[in-house]
1. At 0.36 nm per residue, minus the direct Cα-Cα distance, what do LEU230 and ARG84 gain on full extension? Give it in nm, one decimal, please.
2. What longest region of the chain stays clear of GluC sites (Glu not before Pro) that DSSP places outside H, G, I, E and B and that have at most 16 other Cβ atoms within 10 Å?
3. For the stretch 69-105, state which trypsin sites (Lys or Arg not before Pro) are in a DSSP loop and have at most 13 other beta carbons lying within 10 Å of their beta carbon.
4. What is the spin-label model distance, in nm, from SER341 to GLU146 if the labels are put 7 Å beyond Cα along the C-beta direction?
5. If the only charges are +1 at each Lys and Arg Cβ and -1 at each Asp and Glu Cβ, what is the size of the charge dipole of the chain around the Cα centre, to the nearest 20 debye?
6. According to a simple spin-label model (label point 7 Å from Cα along Cα-to-Cβ), what is the distance in nm between ILE256 and LEU186?
7. Taking a temperature of 20 °C and a viscosity of 1.002 mPa s, what whole-number D in µm²/s does Stokes-Einstein yield for the chain with Rh from Kirkwood over alpha carbon pairs?
8. Taking loop as defined by DSSP and a crowding limit of 12 other beta carbons within 10 Å, which trypsin sites (Lys or Arg not before Pro) in the stretch 182-242 fit?
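Each reported figure results from applying straightforward, stated rules to the coordinates on display, with no laboratory input. Since this is a predicted model, take the numbers as computed values, not measurements. Every residue, glycine as well, gets a Cβ built from its backbone with ideal geometry; the counts of neighbours run over all protein chains shown.
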Amino acid sequence: MPGAAQRTPPWSTAAVAPSSLSAHDVTIMIKRILAFALVTTFLVATLLYDHYRSVTDKVSGFIEADEIRVGSRVGGRVAAVHVREGQRVEKDQVLVELEPFDLLERLREAEAQLAAQQATLNRLKAGYRPEERAQAKARYDQLVAEQEKLAYGPRDQEKEVARSQLDVARAQLDLAERNHTRVSSLVASRAAAQEELDRAGEQLKAATAMVELRAQELNLLEVGTRQEDLERIKAEVEGAYQAWQLTENGYRVEDIAAAEAARDAARHALDALHIQLEELKIKSPLAGAVEVLELQPGDLVAPSAPVLSLLDDQHLWVRAYVPQNQVGIQVGQQLRVILDSFPDEALTGTVVFIARQAEFTPSNVQTPEERSKLVFRIKVAIPNPDRKLLPGMSADIRLPDREAHHD
């Protein structure tokens, strides 16, 4: 209002001279200055604490485990299921059995084939039997004797026998000629029948042929063995000798090697069938827990298709994402891990993996850093000797403080 006196705020030093301030006004001004200083100090301390806390804070994640999908390489119809979902199993425990179909028949066939190939190999290694070698030797000796006989030719005694037989044949011929002449004269005088003359003629022809035969035999003996017969017997002797040596030396090394290869092939085929039979029993590759199982006896399983899932609850880890200011951690470094399920128990985990490239923070990761900043994925392995830890449990990983980080 015009003419009215204007009041000046008590804290304004420009409007009132120091000498005009009262003690009450000075006290109020000092309190307000101290309050402003305290608020400023608190804000600065909060910013500094938040800055340092972001380095020494924790990162969160969830416990994870390897999932193994088990199946058979042969497939077939399910004969029996020995486990259920959630059940713990040991290594090499039979989980599912499949029907053998025709594998047992093929196995027996392969065993018979292997036995046959092994018998063939044994026969080749043993060589020929003693009786076979003796038979080949006897055949050779027989042909050698015949060769010597042909080479020496007829003996003198044989020639003398041939001459004597020729003389006998000539004497019989002379007798037949005289008989024929006598019967002819009797027939002419009608003292004998024509049949007697015919019979005498036949005897004369037989005697004449016998003389010719004995003469040829004597001629052959006197000429000796022909050259063609000598060549023939020589070839037969050589063939018999080689056959005898073959039985003595046995079978060739190449034949034995081929038999060994056939035996090994039959053995490998049998081993393959044994492996296929083992594949009919689907076993657990490790100690763990059955996670997923949707099988009943009678179901058909395709070859190399998973039939159930196992969780390896002995080797657990926590997957977390570390801000860039903590990438100084190294593989093998130990960090503290605190679980929400067991808050009073602190575990010691080991860093087993650090990603080489940064990525944007996933939406389900909680860190004090801004979500727009890049982080590095790590895996921290944690022990589970009592198997009380389960996949899916949330966990906090304590990161090193700033001093340790800078050191």
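1. Between LEU230 and ARG84, full extension yields 43.5 nm more.
2. Longest stretch, sites excluded: 91-293.
3. When the trypsin sites (Lys or Arg not before Pro) of the stretch 69-105 are filtered for loop state and at most 13 Cβ neighbours within 10 Å, ARG73, ARG84, LYS91 remain.
4. Each label point lies 7 Å from its Cα, and together they span 9.7 nm.
5. Roughly 1720 debye, rounded to the nearest 20.
6. Calculated label separation equals 8.4 nm.
7. 60 µm²/s
8. Filter output for the stretch 182-242: ARG190, ARG226.
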